[in-house]
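The values are calculated or read from the model by the stated rules, or taken from the named source; none is laboratory data. Remember, predicted model here, so these are calculated numbers, not experimental data. As a convention, Cβ positions derive from the backbone with ideal geometry for all residues, glycine included, and neighbour counts pool all protein chains shown.
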Amino acid sequence: MLGGVTRMAARATLLTTIFFLIILNVIADTPADENNAYIKMPVSLSNEFSTVPAGLQAADSSLTSKLISLPGGIDPPLAEAEKTPKVIKVSQDGSGEFKTITDAVKSIPSQNKVRTIISIGPGEYKEKVHVDRLKPFVTFYGTDPGKMPKISFGDTAKTHGTWNSATVIVESDYFVAVNIIFANSAPLPTGKELEGEQAVAMRISGNKAAFHNCRFIGFQDTLCDDKGLHFFNNSYVEGTVDFVFGTGKSLYLKSELRSVAKGYSFVAAHGRQTDTEDNGFTFVSCNLTGSGDMYLARTWKDRAKIVFAYSYLGPNINPSGWFNNKPNLSNETVFYGEYKCIGPGASEGKRAIAKILSDEEAKPYLDKTYIDGDKWLLPIPKI
């Protein structure tokens, strides 16, 4: 009898896995649509198929709930700022207070102390935008998720260096973006030498920032997740080399990471340098798709920390998984972890420089407390 039950359980598990794989393969074959309101991850299905860990399911649902009162434990400055939010409208047709995002940002006073929502109408805004560190509590809000506003510019590292090539630079704390496309329009590098071709779409250097249903478009170094605690929810990042990089301590949930490379492709590069640094990237319930010979990451600094959990790893993931670009690279230096990933690119425990995490080892990376989210993550604003 026990053997029969075991076989039935095994068959059920197999059917579940097959069903999930079918869904994700359909997603992987679906072309990216720049104005698609939400990346079609299978998160609306039952928990059996969604693979969103329990520690994040409650956080995920609370983000779409209406904010009636601030939960206890929220950072006091944030709680105060959310009491009297202000809305500034930007529209290219002249129906708002400003026609450019830059002018709207300039109108926010230094030492800002109230949640200031910049409501951005549809269209492409060709400008470099800078939110300096003295302007916290700023939100970029795309009014129509079906026609997401696009902020684009074509700067590269040749002009001002990698960090300042970004189309949008945010250095202030408590930044939020909803329904926004951040793009660097510089062309795909054609030569073998990539020096100076870095072209960042978004650099987030402020602490406690959240991005919901946003898209980051570029090639090399698309998203500079520079420093601080960050949350990327239901978003999309596209690129070729190191298209998520930095030293942030960040959680990516239900997001798509798509390679558009023709040759080698590296999803992430983390800059942790010492064992005492409390940072690292964790990708949970994400979908890795696209073209090229795709690696999960390569080492930027010697103590890089990156975890992929409950994610679908597509067929173009190199069997090595993680690119060894330093002679001294080993499990004693970097922290590369995988946990319950599926798909043809998922590890079978044979990666040379990666570890299959146990339930206990993975637990810290599967909850919003990884980024202290209980102190600052609030429901998505509705205006």
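Screening the range 145-245 for strands (runs of 3 or more DSSP E) wholly inside it with 3 or more residues that are over 28 Å from residue 307 (Cα atoms) returns the ranges 150-153.
Residues of the range 97-111 that are buried (at least 18 other Cβ atoms within 10 Å of the Cβ) and either in a loop (DSSP other than H, G, I, E, B) or β-branched (Val, Ile, Thr) (or both): 101, 105, 108. Which of the numbered conditions does residue 89 fail, given that it passes all the others? Conditions: (1) under 22 Å from residue 213 (Cβ atoms); (2) of a type outside the set (A, V, I, L, M); (3) in a loop (DSSP other than H, G, I, E, B); (4) modelled with pLDDT of 55 or more. Exception for residue 89: condition (3). For the range 105-152, enumerate the residues that are touching a helix residue (DSSP H, G or I) at 6+ places or on another chain (Cβ under 9 Å) and either of a type in the set (Phe, Trp, Tyr) or modelled with pLDDT under 95 (or both). Scanning the range 105-152 gives 125, 137, 140. Within the range 345-372, track down each residue that is in a loop (DSSP other than H, G, I, E, B), surrounded by 14 or more Cβ atoms within 10 Å (Cβ to Cβ) and not acidic (Asp, Glu). Once the filter is applied, which keeps residues that are in a loop (DSSP other than H, G, I, E, B), surrounded by 14 or more Cβ atoms within 10 Å (Cβ to Cβ) and not acidic (Asp, Glu), the range 345-372 yields 345, 346, 347, 351, 353, 354, 357, 366.
Which of the residues spanning the range 190-224 are basic (Lys, Arg) and modelled with pLDDT of 95 or more? Those that are basic (Lys, Arg) and modelled with pLDDT of 95 or more: 203, 208, 215. Search the range 240-269 for residues being closer than 20 Å to residue 184 by Cα and within 10 Å of the chain's Cα centre (by Cα), and hand back the single one that is surrounded by the most Cβ atoms within 10 Å (Cβ to Cβ). Going through the qualifying residues, I end up with 257. Identify all residues within the range 199-248 that are farther than 19 Å from residue 176 by Cα and small (Gly, Ala, Ser); write none if there are none. Across the range 199-248, the qualifying residues are 199, 218, 239.
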